[in-house]
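Visitor: Got a structure for you, written out below as structure tokens; questions coming shortly.
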Amino acid sequence: MRQNLIKIKPLTKEQIIISIDRLTRFKEPETKYLRVFKDLIINNLISPKYKKSELDSLEYGKIKEYAEKIFNNSLENLGLALDNDYLINQKLYDYENSVFNINEDVQILIKNNINYKACLNLIEKDCPLNLKWLKSLPENEPSNILREKYGLRFPIEKVVISEGITEEILLPEFGRLCGYDFDKNGVYIISAGGKNQVVKLFYKLYDCLKIPVFILMDKDAKENYNEIKPRLREFDRVHLINCGEFEDMLPVELIKKTLLYGLKNISMIELETVNQNSGMVKILEEIFKHRGMHEFKKSEFAQMVQKNLNSKDDISDEIADIIKEIQNTGKKSKVMVDN
């Protein structure tokens, strides 16, 4: 029989910040709340003591109760004053329900009395956007106005799924040059890690998301598009890149400028190879190989490109079209795919 006395090992300031960071990220609520709350119970609840396997059969209400006590006791232990102001909790609850389909059990986890107001005193200015958003919630202005005002990204209004990291790094930069700020408009990008993973990720999000999704895939992903097409909602959009993959859409002059920046003494002969008809990734792999450098990595090259973006001349017509499509995603219309 469990002891009635609750004994807690207080969280440190750093552990509190890590926990609220994990609770406010963009992630399916049941997954993130259970993971954070169960970790707290395993690591910081001394009595009653639960084994990890026992938590799977514990009622959500009890899990929430223990997590609340651990959080709030830890805040008091740090000398922070607690009150009954749960405005932030209500705003988080409303936000999660506006973005995700949430069942009654998970509602219990989200509608908690963790004293987020006291937690704000622990968050430094230099913190992730989700925590900056959390710090803005006590303000009287609507969340979307605060998001635009401070470039907070949260509350998230639409999701972009891409195949790779290049798109995740560069799409927001191209959006900025086109006058569409992703963070101010609540656009969240996820790089899935390949066309097959795009399908799996969309299936997962389709089951729980209320907000629209824009999917960007390479030209060779037509078959994958056909897999997800039956599940697309009227406000979702898909774009298949016309010329191949994302790197093929980058203007040749931007590629050359990036190579001159990153490789310094690159020769004119090497730069001329950029104009060849073979895929851009293959060309770049050959240039890096020819110069005896490390293996060409898309993420590193994308960061080099990012540093050399400075005008609309660096944007191809198709990239501009994609930014416009992302901007229009969410407006109810017939689902379309560009080939």
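The values are calculated or read from the model by the stated rules, or taken from the named source; none is laboratory data. Keep in mind the model is a prediction, meaning the values are calculated, not measured. Counting neighbours? That spans all protein chains shown, and the Cβs are built from the backbone with ideal geometry, glycine included.
Visitor: Can you name the residue in segment 275-303 that is of a type in the set (A, V, I, L, M, F, W, C) and surrounded by fewer than 17 Cβ atoms within 10 Å (Cβ to Cβ) and is also farthest from Gly193 (Cα to Cα) among such residues?
Guide: As a first pass, look at segment 275-303 and keep what is of a type in the set (A, V, I, L, M, F, W, C): 280-281, 283-284, 287-288, 293, 296, 301-302.
Still in the running and surrounded by fewer than 17 Cβ atoms within 10 Å (Cβ to Cβ): 293, 296.
On the way: Met293: 24, Phe296: 17 Å.
Per the stated criteria, the residue is Met293.
Visitor: Kindly check whether there is at least one residue in segment 81-91 that is hydroxyl-bearing (Ser, Thr, Tyr) and either at pLDDT below 95 or within 26 Å of Pro155 (Cα to Cα) (or both).
Guide: Taking every residue of segment 81-91 in turn, at least one turns out to be hydroxyl-bearing (Ser, Thr, Tyr) and either at pLDDT below 95 or within 26 Å of Pro155 (Cα to Cα) (or both).
Visitor: Quick check on this structure: which one of Leu137, Leu152 is without any contact (Cβ under 8 Å) to a residue 60 or more places away in the chain and either out of contact with any Phe, Trp or Tyr (no Cβ under 7 Å at 6 or more places or on another chain) or under 28 Å from Tyr66 (Cβ atoms) (or both)?
Guide: Values: Leu152 fails: either out of contact with any Phe, Trp or Tyr (no Cβ under 7 Å at 6 or more places or on another chain) or under 28 Å from Tyr66 (Cβ atoms) (or both).
Just a single option satisfies the conditions, and that option is Leu137.
Visitor: A further question follows. Only residues that are surrounded by fewer than 14 Cβ atoms within 10 Å (Cβ to Cβ) and either under 15 Å from Leu34 (Cβ atoms) or aliphatic (A, V, I, L, M) (or both): list them for segment 105-126, please.
Guide: The initial filter retains those residues of segment 105-126 that are surrounded by fewer than 14 Cβ atoms within 10 Å (Cβ to Cβ), namely 105, 121, 124-126.
The answer is Asp105, and nothing else.
Visitor: Spot the failing condition for Asp314; the list is (1) of a type outside the set (Gly, Ala, Ser); (2) touching a helix residue (DSSP H, G or I) at 6+ places or on another chain (Cβ under 6 Å); (3) surrounded by fewer than 17 Cβ atoms within 10 Å (Cβ to Cβ); (4) touching a residue at least 24 places away in the same chain (Cβ under 8 Å), and only one is missed.
Guide: Of (1) of a type outside the set (Gly, Ala, Ser); (2) touching a helix residue (DSSP H, G or I) at 6+ places or on another chain (Cβ under 6 Å); (3) surrounded by fewer than 17 Cβ atoms within 10 Å (Cβ to Cβ); (4) touching a residue at least 24 places away in the same chain (Cβ under 8 Å), only one is false for Asp314: (3).
Visitor: What about Ile20, is it closer than 25 Å to Glu139 by Cβ, in contact with a Ser or Thr (Cβ under 9 Å, 6 or more places away or on another chain) and not in a loop (DSSP other than H, G, I, E, B)?
Guide: Values: closer than 25 Å to Glu139 by Cβ: yes; in contact with a Ser or Thr (Cβ under 9 Å, 6 or more places away or on another chain): no; not in a loop (DSSP other than H, G, I, E, B): yes.
Answer is no for this residue.
Visitor: Right, next: Could you run through segment 42-89 and say how many residues are in contact with a strand residue (DSSP E or B) (Cβ under 8 Å, 6 or more places away or on another chain) and assigned to a helix (DSSP H, G or I)?
Guide: Of the residues in segment 42-89, the ones in contact with a strand residue (DSSP E or B) (Cβ under 8 Å, 6 or more places away or on another chain) are 44-47, 66, 69-70, 73-74.
Those left that are additionally assigned to a helix (DSSP H, G or I): 44, 66, 69-70, 73-74.
The total comes to 6.
Visitor: A follow-up question, please. Could you grab me the full set of residues in segment 90-108 that are of a type in the set (A, V, I, L, M) and outside any helix (DSSP H, G or I)? Write out each step before concluding.
Guide: The initial filter retains those residues of segment 90-108 that are of a type in the set (A, V, I, L, M), namely 92, 99, 102, 106, 108.
Answer for segment 90-108, where residues must be of a type in the set (A, V, I, L, M) and outside any helix (DSSP H, G or I): just Ile102.
Visitor: If you don't mind, another one. Only one of (1) within 30 Å of Lys210 (Cβ to Cβ); (2) not in a loop (DSSP other than H, G, I, E, B) fails for Met304. Which number is that?
Guide: (1)
Visitor: In addition: Can you spot a residue in segment 45-56 that is within 23 Å of Ala118 (Cβ to Cβ) and at pLDDT 95 or above? Write out each step before concluding.
Guide: From segment 45-56, those within 23 Å of Ala118 (Cβ to Cβ) are 45-46; that's our starting set.
Those still in the list that are at pLDDT 95 or above too: 45-46.
Yes, segment 45-56 contains at least one residue that is within 23 Å of Ala118 (Cβ to Cβ) and at pLDDT 95 or above.
Visitor: Determine whether Val281 is of a type in the set (Val, Ile, Thr) and not assigned by TED's automatic domain parsing to the domain that holds Ile165. Give the derivation first.
Guide: Working: of a type in the set (Val, Ile, Thr): yes; not assigned by TED's automatic domain parsing to the domain that holds Ile165: yes.
It is true that Val281 is of a type in the set (Val, Ile, Thr) and not assigned by TED's automatic domain parsing to the domain that holds Ile165.
Visitor: Right, something else. Across segment 133-169, what is the number of residues that are of a type in the set (Lys, Arg) and surrounded by fewer than 16 Cβ atoms within 10 Å (Cβ to Cβ)? Show your work before the answer.
Guide: Start the filter on segment 133-169 by keeping residues that are of a type in the set (Lys, Arg), which leaves 135, 147, 149, 153, 158.
Now restrict to residues that are surrounded by fewer than 16 Cβ atoms within 10 Å (Cβ to Cβ): 149.
The total comes to 1.
Visitor: Residue check: is Gly244 modelled with pLDDT of 95 or more, in a loop (DSSP other than H, G, I, E, B) and at positive phi? Even if it seems obvious, please write down each step before you answer.
Guide: Details: modelled with pLDDT of 95 or more: no; in a loop (DSSP other than H, G, I, E, B): yes; at positive phi: yes.
Here the answer is no, as Gly244 does not meet what is asked.
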